[in-house]
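See below for the structure under consideration.
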Amino acid sequence: LSGNARNCFLIGNHDSYRNFTGKGLRCLLDVPNTEVYRNAHHGLGRFCSQSFQPLGVKIPSLQISSAGQLPHHFPAWNIQIIRSFHTSPSLQAAPVPLFWIIVKPAQKLFAIILGRSIRKWWKALPPNKRELFKESARKNKWKILLGVSSLGVVFVMFYFTHLEETPITGRARLMVFGKEHFRELSQMEYDMWMELFKTQMLPETDAGYQLVETIVGHLSESNKDVPQVSALKWVIHVVDEPAVNAFVLPNGQVFVFTGLLNAVSDIHQLSFILGHEIAHAVLEHAVKKASLVHFLDFLSLIFLAMIWAICPRDSLAVVGQWIQSKLQEFMFDRPYSRTLEAEADKVGLQFAAKACVDVRASSVFWQQMELAEAIEGQPKLPEWLSTHPSHENRAEHLDRLIPEALKVRETCNCPSLSGPDPRLIFRLNMQRLLELAEGREAPNSTKQDPSKPKLDFPHT
(Lines give C-alpha, C1' and ligand atoms only; values in the text may rest on other atoms or scores of the structure.)
Protein backbone atom coordinates (compact mmCIF):
# COMPACT_ATOMS: atom_id res chain seq x y z
CA LEU A 1 0.00 0.00 0.00
CA SER A 2 2.95 2.30 0.51
CA GLY A 3 6.28 1.12 -0.83
CA ASN A 4 7.28 -2.47 -0.21
CA ALA A 5 4.51 -4.82 0.77
CA ARG A 6 6.17 -7.11 3.27
CA ASN A 7 3.24 -9.03 4.68
CA CYS A 8 1.23 -11.54 2.68
CA PHE A 9 -1.78 -13.57 3.73
CA LEU A 10 -3.67 -16.40 2.19
CA ILE A 11 -7.06 -15.07 1.29
CA GLY A 12 -8.43 -14.58 -2.11
CA ASN A 13 -10.59 -15.29 -5.07
CA HIS A 14 -9.67 -18.37 -7.09
CA ASP A 15 -9.50 -16.12 -10.13
CA SER A 16 -7.38 -13.37 -8.66
CA TYR A 17 -3.70 -13.05 -7.73
CA ARG A 18 -1.66 -10.08 -6.63
CA ASN A 19 1.97 -9.70 -7.50
CA PHE A 20 3.86 -7.55 -5.05
CA THR A 21 6.77 -6.22 -7.04
CA GLY A 22 8.53 -4.40 -4.19
CA LYS A 23 10.56 -7.45 -3.13
CA GLY A 24 9.49 -10.01 -5.67
CA LEU A 25 6.89 -11.51 -3.32
CA ARG A 26 3.84 -13.23 -4.68
CA CYS A 27 0.78 -14.05 -2.63
CA LEU A 28 -2.62 -15.51 -3.22
CA LEU A 29 -4.77 -12.60 -2.21
CA ASP A 30 -8.09 -11.01 -2.87
CA VAL A 31 -9.81 -7.69 -2.77
CA PRO A 32 -13.48 -8.64 -2.49
CA ASN A 33 -15.07 -6.51 -5.12
CA THR A 34 -12.96 -3.40 -4.64
CA GLU A 35 -14.92 -1.64 -7.36
CA VAL A 36 -18.02 -1.74 -5.19
CA TYR A 37 -16.15 0.36 -2.66
CA ARG A 38 -14.60 2.64 -5.23
CA ASN A 39 -17.78 3.32 -7.16
CA ALA A 40 -20.01 3.93 -4.18
CA HIS A 41 -20.54 7.49 -5.41
CA HIS A 42 -22.87 6.48 -8.23
CA GLY A 43 -26.01 7.49 -6.35
CA LEU A 44 -26.90 9.97 -3.61
CA GLY A 45 -29.15 7.66 -1.65
CA ARG A 46 -26.47 5.13 -0.90
CA PHE A 47 -25.37 6.35 2.49
CA CYS A 48 -27.59 6.83 5.49
CA SER A 49 -26.20 10.30 6.02
CA GLN A 50 -27.32 11.23 2.47
CA SER A 51 -23.99 12.90 1.82
CA PHE A 52 -20.58 11.51 0.92
CA GLN A 53 -17.49 11.82 -1.19
CA PRO A 54 -16.25 9.14 -3.59
CA LEU A 55 -13.48 7.01 -2.22
CA GLY A 56 -11.34 7.05 -5.37
CA VAL A 57 -8.65 4.81 -3.91
CA LYS A 58 -5.50 4.39 -5.95
CA ILE A 59 -2.79 1.98 -4.90
CA PRO A 60 0.05 2.49 -7.36
CA SER A 61 2.39 -0.12 -5.87
CA LEU A 62 -0.15 -2.92 -6.27
CA GLN A 63 -0.45 -4.79 -9.56
CA ILE A 64 -3.27 -7.26 -10.14
CA SER A 65 -3.12 -10.13 -12.56
CA SER A 66 -5.60 -12.92 -13.02
CA ALA A 67 -5.29 -16.66 -13.49
CA GLY A 68 -7.78 -19.33 -14.32
CA GLN A 69 -7.61 -21.66 -11.34
CA LEU A 70 -5.99 -22.41 -8.02
CA PRO A 71 -2.42 -23.61 -8.60
CA HIS A 72 -1.27 -27.08 -7.61
CA HIS A 73 1.54 -25.59 -5.58
CA PHE A 74 2.22 -22.14 -4.24
CA PRO A 75 5.33 -20.19 -5.11
CA ALA A 76 7.77 -19.53 -2.34
CA TRP A 77 7.47 -16.31 -0.47
CA ASN A 78 8.74 -14.68 2.64
CA ILE A 79 6.20 -13.99 5.36
CA GLN A 80 6.93 -11.34 7.92
CA ILE A 81 5.05 -12.42 11.00
CA ILE A 82 2.93 -9.92 12.83
CA ARG A 83 3.45 -10.63 16.49
CA SER A 84 0.51 -8.76 17.90
CA PHE A 85 -2.05 -6.20 16.90
CA HIS A 86 -3.37 -4.18 19.80
CA THR A 87 -5.39 -1.19 18.88
CA SER A 88 -5.62 1.63 21.39
CA PRO A 89 -2.24 1.41 23.14
CA SER A 90 -2.17 1.42 26.91
CA LEU A 91 -1.13 5.07 27.09
CA GLN A 92 -4.13 6.06 25.05
CA ALA A 93 -6.54 3.58 26.59
CA ALA A 94 -6.80 5.19 30.02
CA PRO A 95 -5.61 8.80 30.33
CA VAL A 96 -6.38 10.42 33.70
CA PRO A 97 -6.54 13.97 35.03
CA LEU A 98 -3.18 15.29 36.17
CA PHE A 99 -4.45 15.62 39.74
CA TRP A 100 -5.04 11.87 39.97
CA ILE A 101 -1.67 11.11 38.36
CA ILE A 102 0.00 12.97 41.23
CA VAL A 103 -2.33 11.92 44.05
CA LYS A 104 -2.65 8.22 43.18
CA PRO A 105 0.82 7.16 44.45
CA ALA A 106 0.33 9.34 47.54
CA GLN A 107 -2.96 7.58 48.29
CA LYS A 108 -1.35 4.15 48.15
CA LEU A 109 1.55 5.32 50.31
CA PHE A 110 -0.92 6.71 52.86
CA ALA A 111 -2.85 3.42 52.94
CA ILE A 112 0.39 1.45 53.46
CA ILE A 113 1.57 3.76 56.26
CA LEU A 114 -1.86 3.64 57.91
CA GLY A 115 -2.06 -0.16 57.80
CA ARG A 116 1.51 -0.57 59.03
CA SER A 117 0.89 1.88 61.88
CA ILE A 118 -2.20 -0.07 62.96
CA ARG A 119 -0.17 -3.29 63.00
CA LYS A 120 2.61 -1.75 65.09
CA TRP A 121 0.07 -0.22 67.48
CA TRP A 122 -1.62 -3.58 67.92
CA LYS A 123 1.67 -5.40 68.56
CA ALA A 124 2.68 -2.79 71.12
CA LEU A 125 -0.51 -3.28 73.18
CA PRO A 126 -0.20 -5.37 76.36
CA PRO A 127 -2.14 -8.68 76.29
CA ASN A 128 -4.79 -7.46 78.74
CA LYS A 129 -5.54 -4.38 76.65
CA ARG A 130 -5.85 -6.52 73.53
CA GLU A 131 -8.47 -8.64 75.27
CA LEU A 132 -10.34 -5.53 76.40
CA PHE A 133 -10.29 -4.19 72.84
CA LYS A 134 -11.61 -7.50 71.44
CA GLU A 135 -14.36 -7.57 74.06
CA SER A 136 -15.36 -3.99 73.21
CA ALA A 137 -15.48 -4.89 69.52
CA ARG A 138 -17.76 -7.88 70.25
CA LYS A 139 -20.13 -5.71 72.25
CA ASN A 140 -20.31 -3.04 69.55
CA LYS A 141 -20.29 -5.38 66.58
CA TRP A 142 -23.64 -4.10 65.29
CA LYS A 143 -22.44 -0.51 65.43
CA ILE A 144 -19.28 -1.47 63.57
CA LEU A 145 -21.33 -3.40 61.01
CA LEU A 146 -23.63 -0.40 60.58
CA GLY A 147 -20.67 1.89 60.00
CA VAL A 148 -19.13 -0.44 57.40
CA SER A 149 -22.52 -0.85 55.71
CA SER A 150 -23.00 2.92 55.60
CA LEU A 151 -19.63 3.29 53.92
CA GLY A 152 -20.66 0.65 51.39
CA VAL A 153 -23.93 2.47 50.72
CA VAL A 154 -21.99 5.69 50.06
CA PHE A 155 -19.87 3.94 47.44
CA VAL A 156 -22.93 2.35 45.82
CA MET A 157 -24.74 5.71 45.72
CA PHE A 158 -21.67 7.36 44.23
CA TYR A 159 -21.50 4.66 41.55
CA PHE A 160 -25.14 4.89 40.48
CA THR A 161 -25.24 8.70 40.61
CA HIS A 162 -22.30 8.86 38.19
CA LEU A 163 -23.75 6.59 35.53
CA GLU A 164 -24.37 7.96 32.05
CA GLU A 165 -25.67 6.52 28.81
CA THR A 166 -23.09 5.53 26.23
CA PRO A 167 -23.61 7.19 22.82
CA ILE A 168 -25.02 4.92 20.09
CA THR A 169 -25.13 1.71 22.17
CA GLY A 170 -27.10 3.14 25.10
CA ARG A 171 -25.15 1.09 27.65
CA ALA A 172 -24.76 2.49 31.17
CA ARG A 173 -21.22 3.67 31.93
CA LEU A 174 -19.44 5.10 34.95
CA MET A 175 -18.19 8.66 34.43
CA VAL A 176 -16.08 9.93 37.31
CA PHE A 177 -14.01 12.54 35.51
CA GLY A 178 -15.10 15.50 33.44
CA LYS A 179 -14.58 15.40 29.69
CA GLU A 180 -12.79 18.75 29.72
CA HIS A 181 -9.88 17.13 31.60
CA PHE A 182 -9.54 14.55 28.88
CA ARG A 183 -9.57 17.16 26.15
CA GLU A 184 -6.58 18.78 27.82
CA LEU A 185 -4.82 15.47 28.28
CA SER A 186 -5.58 14.49 24.69
CA GLN A 187 -3.70 17.56 23.51
CA MET A 188 -0.80 16.75 25.83
CA GLU A 189 -0.69 13.17 24.60
CA TYR A 190 -0.91 14.34 21.00
CA ASP A 191 2.14 16.58 21.57
CA MET A 192 3.97 13.60 23.08
CA TRP A 193 3.26 11.33 20.09
CA MET A 194 4.21 14.06 17.63
CA GLU A 195 7.51 14.59 19.42
CA LEU A 196 8.16 10.85 19.49
CA PHE A 197 7.45 10.29 15.79
CA LYS A 198 8.45 13.70 14.41
CA THR A 199 11.06 12.18 12.09
CA GLN A 200 8.82 9.31 10.95
CA MET A 201 5.71 11.14 9.78
CA LEU A 202 4.83 10.50 6.16
CA PRO A 203 4.06 13.59 4.05
CA GLU A 204 0.56 14.29 2.75
CA THR A 205 1.74 13.43 -0.76
CA ASP A 206 2.54 9.83 0.24
CA ALA A 207 0.20 7.18 -1.18
CA GLY A 208 -0.27 5.57 2.23
CA TYR A 209 -1.23 8.89 3.80
CA GLN A 210 -3.69 9.66 1.03
CA LEU A 211 -5.24 6.20 1.37
CA VAL A 212 -5.82 6.62 5.12
CA GLU A 213 -7.08 10.18 4.64
CA THR A 214 -9.54 9.06 1.98
CA ILE A 215 -10.89 6.16 4.04
CA VAL A 216 -11.24 8.20 7.25
CA GLY A 217 -12.95 10.99 5.32
CA HIS A 218 -15.25 8.46 3.69
CA LEU A 219 -16.16 6.90 7.03
CA SER A 220 -16.79 10.22 8.74
CA GLU A 221 -18.85 11.56 5.84
CA SER A 222 -20.94 8.40 5.69
CA ASN A 223 -21.62 8.56 9.43
CA LYS A 224 -22.05 12.29 9.88
CA ASP A 225 -25.62 11.68 11.03
CA VAL A 226 -24.01 10.48 14.31
CA PRO A 227 -23.45 13.69 16.35
CA GLN A 228 -20.30 12.38 18.01
CA VAL A 229 -18.72 11.68 14.61
CA SER A 230 -19.55 15.05 13.08
CA ALA A 231 -18.46 16.90 16.23
CA LEU A 232 -14.84 15.79 15.97
CA LYS A 233 -12.29 16.98 13.45
CA TRP A 234 -10.41 13.92 12.21
CA VAL A 235 -6.72 14.66 11.59
CA ILE A 236 -4.56 12.01 9.91
CA HIS A 237 -1.02 11.00 10.88
CA VAL A 238 0.72 8.08 9.18
CA VAL A 239 3.90 6.94 10.93
CA ASP A 240 6.66 5.05 9.12
CA GLU A 241 6.87 2.34 11.78
CA PRO A 242 6.78 -1.46 11.26
CA ALA A 243 4.52 -2.04 14.26
CA VAL A 244 1.06 -3.25 13.26
CA ASN A 245 -0.98 -0.67 15.09
CA ALA A 246 -3.44 2.19 14.86
CA PHE A 247 -5.18 4.37 17.42
CA VAL A 248 -7.33 7.46 17.65
CA LEU A 249 -6.98 9.98 20.46
CA PRO A 250 -10.16 11.28 22.11
CA ASN A 251 -9.74 14.61 20.28
CA GLY A 252 -9.89 12.96 16.82
CA GLN A 253 -6.17 12.66 16.07
CA VAL A 254 -5.76 9.49 13.98
CA PHE A 255 -2.41 7.65 14.06
CA VAL A 256 -1.77 4.76 11.67
CA PHE A 257 1.51 2.86 11.40
CA THR A 258 2.78 1.66 8.04
CA GLY A 259 3.06 -1.82 9.53
CA LEU A 260 -0.73 -1.94 9.54
CA LEU A 261 -0.93 -0.74 5.93
CA ASN A 262 1.37 -3.59 4.94
CA ALA A 263 -0.60 -6.11 6.99
CA VAL A 264 -4.11 -5.57 5.62
CA SER A 265 -5.06 -7.29 2.39
CA ASP A 266 -7.50 -4.71 1.03
CA ILE A 267 -9.22 -1.43 1.76
CA HIS A 268 -12.19 -3.21 3.29
CA GLN A 269 -10.08 -4.60 6.12
CA LEU A 270 -8.36 -1.26 6.64
CA SER A 271 -11.71 0.54 6.64
CA PHE A 272 -13.06 -1.76 9.35
CA ILE A 273 -9.96 -1.28 11.52
CA LEU A 274 -10.16 2.50 11.20
CA GLY A 275 -13.90 2.33 11.90
CA HIS A 276 -13.07 0.35 15.04
CA GLU A 277 -10.60 3.02 16.18
CA ILE A 278 -13.02 5.84 15.40
CA ALA A 279 -15.61 3.98 17.47
CA HIS A 280 -13.24 4.07 20.47
CA ALA A 281 -13.14 7.86 20.26
CA VAL A 282 -16.86 8.29 19.56
CA LEU A 283 -17.85 6.01 22.46
CA GLU A 284 -15.39 7.85 24.75
CA HIS A 285 -13.78 4.63 25.90
CA ALA A 286 -10.78 6.49 27.33
CA VAL A 287 -13.02 8.30 29.82
CA LYS A 288 -14.95 5.13 30.67
CA LYS A 289 -11.80 3.09 31.23
CA ALA A 290 -10.15 5.72 33.42
CA SER A 291 -13.32 6.21 35.47
CA LEU A 292 -13.69 2.52 36.30
CA VAL A 293 -9.99 1.99 36.99
CA HIS A 294 -9.78 4.90 39.40
CA PHE A 295 -13.04 4.03 41.13
CA LEU A 296 -11.68 0.52 41.75
CA ASP A 297 -8.31 1.91 42.82
CA PHE A 298 -10.02 4.07 45.43
CA LEU A 299 -11.92 1.06 46.78
CA SER A 300 -8.73 -1.00 46.84
CA LEU A 301 -7.12 1.50 49.24
CA ILE A 302 -9.30 0.06 52.02
CA PHE A 303 -8.13 -3.48 51.28
CA LEU A 304 -4.55 -2.26 50.94
CA ALA A 305 -4.62 -0.75 54.44
CA MET A 306 -6.18 -3.98 55.78
CA ILE A 307 -3.46 -6.11 54.17
CA TRP A 308 -0.67 -4.09 55.78
CA ALA A 309 -2.50 -4.10 59.13
CA ILE A 310 -3.20 -7.85 59.23
CA CYS A 311 -0.01 -9.31 57.75
CA PRO A 312 2.54 -9.96 60.54
CA ARG A 313 5.55 -8.98 58.38
CA ASP A 314 6.23 -6.41 55.68
CA SER A 315 7.34 -9.13 53.25
CA LEU A 316 3.97 -10.88 53.55
CA ALA A 317 2.20 -7.55 53.15
CA VAL A 318 4.08 -6.90 49.91
CA VAL A 319 3.02 -10.32 48.61
CA GLY A 320 -0.57 -9.66 49.68
CA GLN A 321 -0.53 -6.26 47.95
CA TRP A 322 0.75 -7.88 44.72
CA ILE A 323 -1.97 -10.56 44.87
CA GLN A 324 -4.62 -7.88 45.40
CA SER A 325 -3.41 -5.86 42.41
CA LYS A 326 -3.38 -8.95 40.17
CA LEU A 327 -6.88 -9.96 41.28
CA GLN A 328 -8.15 -6.48 40.43
CA GLU A 329 -6.36 -6.56 37.07
CA PHE A 330 -7.62 -9.97 35.95
CA MET A 331 -11.11 -9.80 37.50
CA PHE A 332 -12.04 -6.23 36.56
CA ASP A 333 -9.55 -4.23 34.48
CA ARG A 334 -8.80 -6.69 31.68
CA PRO A 335 -12.36 -8.06 31.29
CA TYR A 336 -13.62 -4.48 31.05
CA SER A 337 -11.00 -3.68 28.39
CA ARG A 338 -12.13 -6.71 26.40
CA THR A 339 -15.74 -5.53 26.72
CA LEU A 340 -14.78 -2.13 25.32
CA GLU A 341 -12.94 -3.78 22.42
CA ALA A 342 -15.99 -5.89 21.58
CA GLU A 343 -18.19 -2.79 21.74
CA ALA A 344 -15.82 -0.90 19.41
CA ASP A 345 -15.88 -3.86 17.01
CA LYS A 346 -19.68 -3.75 16.88
CA VAL A 347 -19.97 0.00 16.39
CA GLY A 348 -16.97 0.13 14.03
CA LEU A 349 -18.57 -2.57 11.89
CA GLN A 350 -21.75 -0.46 11.67
CA PHE A 351 -19.69 2.58 10.68
CA ALA A 352 -18.03 0.53 7.94
CA ALA A 353 -21.38 -0.88 6.76
CA LYS A 354 -22.82 2.62 6.36
CA ALA A 355 -19.78 3.46 4.23
CA CYS A 356 -20.61 0.50 1.94
CA VAL A 357 -17.57 -1.52 3.00
CA ASP A 358 -17.55 -5.27 2.47
CA VAL A 359 -18.00 -6.00 6.17
CA ARG A 360 -17.33 -9.72 5.61
CA ALA A 361 -13.62 -8.90 5.34
CA SER A 362 -13.51 -7.85 9.00
CA SER A 363 -13.45 -11.36 10.44
CA VAL A 364 -10.96 -12.49 7.78
CA PHE A 365 -8.42 -10.00 9.11
CA TRP A 366 -8.44 -11.61 12.56
CA GLN A 367 -8.24 -15.07 11.02
CA GLN A 368 -5.13 -13.84 9.20
CA MET A 369 -3.68 -12.62 12.48
CA GLU A 370 -4.34 -16.01 14.05
CA LEU A 371 -2.70 -17.71 11.06
CA ALA A 372 0.38 -15.49 11.34
CA GLU A 373 0.88 -16.42 14.98
CA ALA A 374 0.31 -20.11 14.23
CA ILE A 375 2.92 -20.07 11.44
CA GLU A 376 5.46 -18.51 13.75
CA GLY A 377 4.62 -21.00 16.49
CA GLN A 378 3.75 -18.43 19.12
CA PRO A 379 2.16 -19.89 22.27
CA LYS A 380 -1.58 -19.43 22.42
CA LEU A 381 -2.25 -17.67 25.71
CA PRO A 382 -5.66 -17.78 27.42
CA GLU A 383 -7.86 -14.81 26.62
CA TRP A 384 -8.20 -13.83 30.29
CA LEU A 385 -4.52 -12.88 30.31
CA SER A 386 -5.04 -10.22 27.61
CA THR A 387 -6.68 -6.81 27.43
CA HIS A 388 -8.05 -7.76 24.00
CA PRO A 389 -10.20 -10.68 22.87
CA SER A 390 -8.33 -13.54 21.23
CA HIS A 391 -8.09 -13.43 17.44
CA GLU A 392 -10.30 -16.52 17.16
CA ASN A 393 -13.03 -15.19 19.46
CA ARG A 394 -12.87 -11.81 17.78
CA ALA A 395 -13.42 -13.34 14.35
CA GLU A 396 -16.33 -15.43 15.68
CA HIS A 397 -17.88 -12.36 17.33
CA LEU A 398 -17.65 -10.41 14.08
CA ASP A 399 -19.16 -13.32 12.15
CA ARG A 400 -22.21 -13.07 14.43
CA LEU A 401 -22.43 -9.33 13.81
CA ILE A 402 -21.96 -9.44 10.04
CA PRO A 403 -25.59 -10.35 9.16
CA GLU A 404 -26.81 -7.26 11.01
CA ALA A 405 -24.13 -5.13 9.32
CA LEU A 406 -25.21 -6.43 5.91
CA LYS A 407 -28.75 -5.28 6.69
CA VAL A 408 -27.34 -1.84 7.51
CA ARG A 409 -25.69 -1.79 4.07
CA GLU A 410 -29.03 -2.61 2.47
CA THR A 411 -30.77 0.12 4.49
CA CYS A 412 -28.20 2.60 3.21
CA ASN A 413 -28.81 1.47 -0.40
CA CYS A 414 -25.24 0.30 -0.87
CA PRO A 415 -24.35 -1.62 -4.05
CA SER A 416 -24.80 -5.37 -3.77
CA LEU A 417 -21.73 -7.42 -2.93
CA SER A 418 -20.70 -9.57 -5.85
CA GLY A 419 -18.27 -12.46 -5.91
CA PRO A 420 -17.67 -15.15 -3.31
CA ASP A 421 -17.60 -14.53 0.42
CA PRO A 422 -13.97 -13.73 1.42
CA ARG A 423 -14.43 -15.88 4.54
CA LEU A 424 -15.19 -18.90 2.37
CA ILE A 425 -12.22 -18.17 0.12
CA PHE A 426 -9.95 -17.95 3.15
CA ARG A 427 -11.17 -21.30 4.47
CA LEU A 428 -10.70 -22.95 1.06
CA ASN A 429 -7.17 -21.63 0.77
CA MET A 430 -6.37 -22.76 4.30
CA GLN A 431 -7.65 -26.22 3.44
CA ARG A 432 -5.48 -26.23 0.33
CA LEU A 433 -2.45 -25.21 2.38
CA LEU A 434 -3.04 -27.99 4.89
CA GLU A 435 -3.35 -30.52 2.08
CA LEU A 436 -0.07 -29.33 0.59
CA ALA A 437 1.63 -29.45 3.99
CA GLU A 438 0.37 -32.99 4.62
CA GLY A 439 1.54 -34.09 1.17
CA ARG A 440 4.98 -32.60 1.81
CA GLU A 441 5.32 -34.49 5.09
CA ALA A 442 4.15 -37.86 3.69
CA PRO A 443 6.68 -40.56 4.69
CA ASN A 444 6.74 -42.21 1.26
CA SER A 445 6.94 -39.02 -0.73
CA THR A 446 9.44 -38.86 -3.56
CA LYS A 447 12.24 -36.33 -3.77
CA GLN A 448 11.12 -32.88 -4.63
CA ASP A 449 11.83 -31.54 -8.07
CA PRO A 450 14.42 -28.74 -7.54
CA SER A 451 12.73 -26.71 -10.27
CA LYS A 452 9.55 -26.53 -8.18
CA PRO A 453 9.22 -23.99 -5.37
CA LYS A 454 9.62 -25.33 -1.86
CA LEU A 455 7.01 -24.77 0.83
CA ASP A 456 8.54 -23.64 4.09
CA PHE A 457 6.07 -23.00 6.91
CA PRO A 458 7.87 -23.40 10.23
CA HIS A 459 5.74 -24.72 13.08
CA THR A 460 2.72 -25.23 10.80
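Some values worked out for this structure:
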| item | result |
| --- | --- |
| Search result, residues across the stretch 192-213 that are surrounded by fewer than 16 Cβ atoms within 10 Å (Cβ to Cβ) and either in contact with a Pro (Cβ under 8 Å, 6 or more places away or on another chain) or assigned to a loop (DSSP other than H, G, I, E, B) (or both) | K198, T199, Q200, P203, E204, T205 |
| Filter result for the condition that a residue is assigned to a helix (DSSP H, G or I) and either on the phi > 0 side of the Ramachandran plot or without any contact (Cβ under 8 Å) to a residue 60 or more places away in the chain (or both), over A290, A281 | A281 |
| Subset of the stretch 128-173 that is under 30 Å from H285 (Cβ atoms) and acidic (D, E) - its residue that is surrounded by the fewest Cβ atoms within 10 Å (Cβ to Cβ) | E165 |
| Flag for K380 being free of Cβ contacts under 8 Å to residues at least 24 places away in the same chain, over 23 Å from T339 (Cα atoms) and among the charged types (D, E, K, R) | no |
| Residue that is surrounded by the most Cβ atoms within 10 Å (Cβ to Cβ) [pool: residues in the stretch 421-455 that are assigned to a helix (DSSP H, G or I) and modelled with pLDDT under 80] | R440 |
| Cβ pairs under 8 Å, 6+ apart, first in the stretch 303-328 and charged (D, E, K, R), second open to solvent by 70 Å² or more (accessible area, probe 1.4 Å) and part of a helix (DSSP H, G or I) | D314/R116 |
| Residue list for the stretch 338-372, restricted to those being more than 14 Å from the chain's Cα centre (by Cα), buried (at least 19 other Cβ atoms within 10 Å of the Cβ) and in a helix (DSSP H, G or I) | Q350, F351, A352, A353, K354, A361, V364, Q367, Q368, L371, A372 |
| Selection within the stretch 373-397 - closer than 23 Å to I425 by Cα and not in a helix (DSSP H, G or I) | S390 |
| Criterion violated by S300 - all others in (1) open to solvent by less than 10 Å² (accessible area, probe 1.4 Å); (2) closer than 23 Å to T339 by Cα satisfied | (1) |
| Identity of the residue in the stretch 220-239, open to solvent by less than 30 Å² (accessible area, probe 1.4 Å) and either part of a strand (DSSP E or B) or at pLDDT 95 or above (or both), that ends up nearest to G170 (Cα to Cα) | I236 |
| Search result, residues across the stretch 249-259 that are closer than 23 Å to A372 by Cβ and either in a strand (DSSP E or B) or in contact with a helix residue (DSSP H, G or I) (Cβ under 7 Å, 6 or more places away or on another chain) (or both) | F255, V256, F257, T258 |
| The stretch 308-323: number of residues that are part of a helix (DSSP H, G or I) and either under 35 Å from the mean Cα position of the chain (by Cα) or more than 20 Å from G152 (Cβ to Cβ) (or both) | 11 |
| Residue in the stretch 335-346 that is of a type in the set (A, V, I, L, M) and more than 30 Å from L151 (Cβ to Cβ) present | yes |
| Residue match in the stretch 380-403 (condition: more than 30 Å from M331 (Cα to Cα), modelled with pLDDT under 90, surrounded by 10 or more Cβ atoms within 10 Å (Cβ to Cβ) and touching a Phe, Trp or Tyr at 6+ places or on another chain (Cβ under 9 Å)) | no |
| Any hit, the stretch 82-102, residues being in contact with a Gly (Cβ under 9 Å, 6 or more places away or on another chain), modelled with pLDDT under 85 and not aromatic (F, W, Y) | yes |
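The values are calculated or read from the model by the stated rules, or taken from the named source; none is laboratory data. Please read these numbers as outputs of a predicted model, since none were measured by experiment. Heads up, the Cβs are rebuilt from the backbone with ideal geometry, glycines too, and the neighbour counts pull from every protein chain shown. Ligands, DNA and RNA are excluded from the accessible area calculation, which covers all protein heavy atoms including side chains. Shrake-Rupley method; radii C 1.70, N 1.55, O 1.52, S 1.80 Å.
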